[in-house]
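Step one of this worksheet: look at the structure below.
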Amino acid sequence: MKSLFKYLLLILYWAFLTKSLLMTQPWELFSSKLADHPPFDLSFEPNSWMAHIGAYAVLGGLIQWASADHSRWRLVLFCLAFAHSGLCEYLQGMIPNRWPNLWDVFSNTLGLTSAFALHKTLMKRSKVSLDSSSKTSPKKQAA
């Protein structure tokens with residue numbers, strides 16, 4: 001049941017991400033007032049890159065979390081996420097006031113790979129700390 005909840009959350013976020021990438025004005029997802037007066041301009045390149053990196057890092061984190069016990073599913077989901085990134089950018093060329101951008105695909109890839117690398121690093125560190133905490137020195141055992 002836990003696994004089902006994790007995959008459901010992943011699917012919901014992925015759908016939200018897809019919708020936001022394929023809308024003329026992504027801020028409309030939250031409110032029309034926000035769309036009229038966005039907190040920051042997503043067409044400005046550094047803002048756009050950071051938004052893409054963050055959004056896809058969250059997606060990568062959810063993929064890691066949902067597929068923690070299924071390494072094959074994790075690989076399949078990451079491949080789908082990379083394909084999703086490119087497909088959404090391609091489709092943006094067909095949406096008014098949107099345009100495809102290879103830098104966005106690069107930012108998406110950076111977000112996904114950073115989530116993957118962060119997960120690997122955290123898993124290694126937790127394993128090292130678990131291994132070192134389970135070992136006790138002989139002097140401590142004698143005391």
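Here are a few things to note about the model shown:
- The label point for Leu122 and the one for Leu9, both projected 7 Å from the Cα toward the Cβ, are 1.1 nm apart.
- Between Leu91 and Leu34, the modelled label-to-label distance comes to 2.1 nm, taking each label 7 Å out from Cα in the direction of the beta carbon.
- Were the residues from Phe82 through Lys2 laid out at 0.36 nm apart, the gain over their Cα-Cα distance would be 26.2 nm.
- FRET efficiency, 1/(1 + (r/R0)^6) with R0 25 Å, evaluated for Thr18 and Ser114 via beta carbons: 0.75
- Residue ranges 58-65, 6-13 sort as 58-65, 6-13 when ordered by packing (mean number of other C-beta atoms within 10 Å per residue, highest first).
Values in this text are rule-based calculations from the coordinates and carry no lab data. Values in this document were obtained by computation on a predicted structure and should not be read as measured data. Virtual Cβ from ideal backbone geometry, glycine too; neighbours counted across all protein chains shown.
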